[in-house]
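Bear in mind that the values in this text are calculations on the coordinates, not laboratory data. Keep in mind that what you see is a predicted model, and the values were worked out from it rather than measured. Note that we place each Cβ from the backbone using ideal geometry, even for glycine, and neighbour counts take in every protein chain shown.
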Amino acid sequence: LLDISWYTESMRAGHPVEILHRHKLQEQQVNEAEAVVFNIPSYACQRRTALDNHNTVLTDALSLLAENAELSDEDGRGVAFRRAAAVLKALPEPVTGMTQLRGLPCLGGHSLRVIKDILEDGASGEVELTKESERFKALKVLTGIFGVGVKTAERWIREQIHSLQQLQDSGQTLNRAQQAGLEHYDDLNQPVTKAEADAIGEIVREAVMSVLPGAQITVIGGFRRGKLTGHDVDFLVTHPEEGREVGLMPKVVSWLESQGFLLYQKTTRNSYLESKDGPARPASNMDRFERCFSIFKLPEEETRGTKQTETLTENTPEDTCSLAANWQVKGGEQMKPAGHKAWRAVRVDLVVSPISQFAFALLGWTGSKLFERELRRWAGHEKAMSLSSHALYDNKQSRYLRATSEEEIFAHLGLDYIPPSERNA
Ligand code: DCT
Ligand code: MG
């Protein structure tokens, strides 16, 4: 039988796992000679995690339980499953037996049970039950609507709303984001391809260059990490001269709107002020850059690279995607609108950063979400520093540490540099 009590010990942040491991092995006089035992540092930001991993059956199962926990407002449990999945993602080969996992960090009793079930029976009962649960399915459908969070979805479920059809029939009042989310539900739940991301990159470049020549645009998020698909496309915009970026976002948005490229947008203003906000509260706030959450209308010919000269300002009747006319649901299944539309809706996030904060913004917005969380935890717990997407503050020296590249930030944090393609924790 598996003794898991000491795995939990090794989960504690910052503990020298290998030493603990060796100590326990001696204590239990376990003969490990025949098993490959992996040696993995405990923070995801200390590890190289490529896109592909050797244990997808296990990592998919743990990720599903993480998602279920997050959808149930149990973030602590969600993070525990995410950390466990991330450790398995970093392993150099497939796990074949439980003894190989001895001494690995972040594998709690619950995660180990799931892994054991899968290794022994080919599946985990808990994962299968979760997948089939009406509540999980309803939460996925409802939070799959852009603008709908866990709280709203839970309220609707309490009111017996489990499907898009039931939501439509219920007459619930939807805000502007949710209306757009519902209207473009199918498109927004279809993964964005690299080709589409590139096409949108070209449009964003044209927009930015026409309102501020000399500005720089960088793709961030999953596509910067080398992912082939994503749920959205994220861009970071800056200008080499500090201050020139001020007021840029409304101009970019106006340009995009005038060309008919935006189906929805909401811009939040930059509210970060070092003197006021740092260093006490910068840790995880992503929202204080000038930021635009949008839904792009991406014409088919942009992706095919056969762009026509006319703009999309004039909507044809079938372009105008009114909820009543164009969004039909039959038998709980969403139907595609009648007729062919020559464009598709894509979620796009734009962030503007002053050049002085660019390296921090780039590092903070490249992800993965867990990698970012682990970087901040490492900074706080191991280095007494506060890292945000704006700055790095050293609590011992009581000063900000400046950086003009991601490499410098890793160095300040005492970490080996990990390139974006290996931040897929
Ligand atoms: N981010 C973060 N913490 C959050 C949300 C976002 O650190 N709570 C950072 C990391 C990734 C980046 O912002 C962009 O976010 P997403 O687009 O949600 O993530 P992604 O990795 O780009 O995933 P996807 O490919 O699905 O878009
Ligand atoms: Mg993204």
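Key figures for this structure:
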{"quantity": "³J(HN,Hα) computed for each position of segment 158-174 - Karplus, 6.51 cos²θ - 1.76 cosθ + 1.60, integer Hz, glycine/proline x", "calculated": "4, 8, 6, 9, 10, 9, 5, 4, 5, 5, 4, 5, 6, x, 4, 7, 10"}
{"quantity": "For Met385, Met98, order by how many other beta-carbon atoms lie within 10 Å, fewest first", "calculated": "Met98, Met385"}
{"quantity": "Modelled FRET efficiency - R0 22 Å, Glu301 with Lys251, Cβ distances, 0.05 increments", "calculated": "0.30"}
{"quantity": "Computed lengthening from Thr173 to Asp349, 0.36 nm per intervening residue step minus Cα-Cα distance", "calculated": "60.8 nm"}
{"quantity": "Karplus (6.51, -1.76, 1.60) ³J(HN,Hα), θ = phi - 60°, over segment 143-155, in Hz, Gly and Pro reported as x", "calculated": "6, x, 7, 3, x, 10, x, 4, 4, 5, 4, 5, 4"}
{"quantity": "Ranking of Glu242, Glu302, Glu132 by count of other Cβ atoms within 10 Å, fewest first", "calculated": "Glu132, Glu242, Glu302"}
{"quantity": "Selection from Thr96, Val141, Val127, by position along the positive dipole direction of segment 79-159 (Cβ)", "calculated": "Val141"}
{"quantity": "Sum of side-chain charges, Arg176 neighbourhood, beta-carbon under 11 Å (Lys, Arg +1; Asp, Glu -1)", "calculated": "0"}
{"quantity": "Cα-based equivalent ellipsoid, segment 113-233: semi-axes from gyration tensor eigenvalues, Å", "calculated": "35, 25, 10"}
{"quantity": "Debye log10 I(q)/I(0) at q = 0.18 Å⁻¹ for segment 162-219, Cα point scatterers", "calculated": "-0.77"}
{"quantity": "Dipole magnitude (debye, nearest 20) for segment 152-251, charges at Cβ of Lys, Arg, Asp, Glu", "calculated": "220"}
{"quantity": "Separation of the Asp394 and Ile217 label points, Cα + 7 Å toward Cβ, nm", "calculated": "3.8"}
{"quantity": "Placed amide H near Met385: partners under 5 Å, 5+ positions off or other chain", "calculated": "Gly380, Asn395"}
{"quantity": "Centroid-to-centroid separation of segment 61-95 and segment 369-425 [C-alpha atoms, Å]", "calculated": "23"}
{"quantity": "Assigned charges on the beta-carbon of Lys, Arg, Asp, Glu; segment 345-425 dipole about Cα centre (debye)", "calculated": "300"}
{"quantity": "Segment 377-425 - Rg over Rh from alpha carbon coordinates, Kirkwood radius", "calculated": "0.96"}
{"quantity": "Amide H contacts under 5 Å for Thr49, placed H, 5+ residues apart", "calculated": "Arg423, Asn424"}
{"quantity": "Rounded to whole Å, sorted largest first: equivalent-ellipsoid semi-axes of segment 194-238, Cα gyration tensor", "calculated": "20, 11, 6"}
